[in-house]
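Trainee: First the structure, then my questions, so here it is.
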Amino acid sequence: MTKKNASKPSAAPVSSAPHVVDLEHYVPAYLTWIANKLSRGASQHYLEIFDVGIETWRCLVLLAIEGSISAQQISRVIGMDKGSISRCLKGMQERGLIRTELDPTDGRLRIAVLTPAGRTLHDQIMGMALERERAFLSVLDSAEAELLMSMLRRLHENLPAVETATQAYAAQHFPQAKGASRRKAED
């Protein structure tokens, strides 16, 4: 081997190259990156200015829309862990942003109710949140923004099919995995 060849790494044959995700065309990666960066940026500003994080903001949004809501409903809508939501609501209650009541339709369920202080905080943060959205979407014209929202809604509605497909794939390719035998028994 000559010195010239010794310094060059040998290229592996294409057929033996490991398969990897093409991040330039992998939609979940972009959705995750965008969501993480938007959330982190919003949380930094909301903490600095209003002393609340992104979880509190998300709960305030739903409470402003609904007036009252359970931790379970919040968890279901925004896809966050119910335990995290419960801790967030506890902190909001300690700050006087919400109060809790028994659900009038189900006396066993506790619901969060937005207080006037919570509504005021929501209204203060909303301006910043809408400005962040405006700036984020500023690279799109109005037709593109509407199309994006339409596609995001359809993708969101399709998430149950993604879970079904994932479970079927796991059961077929990894039947020994925990839960695979339980899923087969449920079918």
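The values are calculated or read from the model by the stated rules, or taken from the named source; none is laboratory data. Here the structure is a predicted model, which is why all the values come from computation and not from measurement. Cβ coordinates were reconstructed from backbone atoms using ideal geometry, including for glycine residues, and neighbour counts include every protein chain displayed. All accessible areas refer to the heavy atoms of the entire protein, side chains included, with ligands and DNA or RNA removed. Shrake-Rupley method; radii C 1.70, N 1.55, O 1.52, S 1.80 Å.
Trainee: Within the set of pairs 6 or more residues apart or between chains, which connect a residue that is under 16 Å from Leu38 (Cβ atoms) and in contact (Cβ under 8 Å) with a residue 60 or more places away in the chain inside the stretch 118-137 to a residue that is open to solvent by less than 50 Å² (accessible area, probe 1.4 Å) and not in a helix (DSSP H, G or I) with Cβ atoms less than 8 Å apart?
Mentor: Within 8 Å, the pairs are Ile125/Val52.
Matching residues to (1) over 24 Å from Gly41 (Cα atoms); (2) over 22 Å from the mean Cα position of the chain (by Cα); (3) among the polar types (S, T, N, Q):
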| site | (1), (2), (3) |
| --- | --- |
| Gln73 | yes, no, yes |
| Cys88 | no, no, no |
| Gly96 | yes, yes, no |
| Thr115 | yes, yes, yes |
| Gly127 | no, no, no |
| Phe136 | no, no, no |
| Val139 | no, yes, no |
| Ser150 | yes, no, yes |
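Trainee: Output the residues belonging to the stretch 87-97 that are open to solvent by less than 50 Å² (accessible area, probe 1.4 Å) and free of Cβ contacts under 8 Å to residues at least 40 places away in the same chain.
Mentor: Result: Cys88, Leu89, Gly91, Met92, Gly96.
Trainee: Which one of these is in a helix (DSSP H, G or I) and closer than 18 Å to Ile74 by Cα: Gly127, Gly118?
Mentor: Of Gly127, Gly118, the one residue that is in a helix (DSSP H, G or I) and closer than 18 Å to Ile74 by Cα is Gly118.
Trainee: Looking at the stretch 113-145, which of the residues that are over 21 Å from Cys59 (Cβ atoms) and hydrophobic (A, V, I, L, M, F, W, C) is least open to solvent (accessible area, probe 1.4 Å)?
Mentor: Looking at the filtered set, the residue picked out is Ala145.
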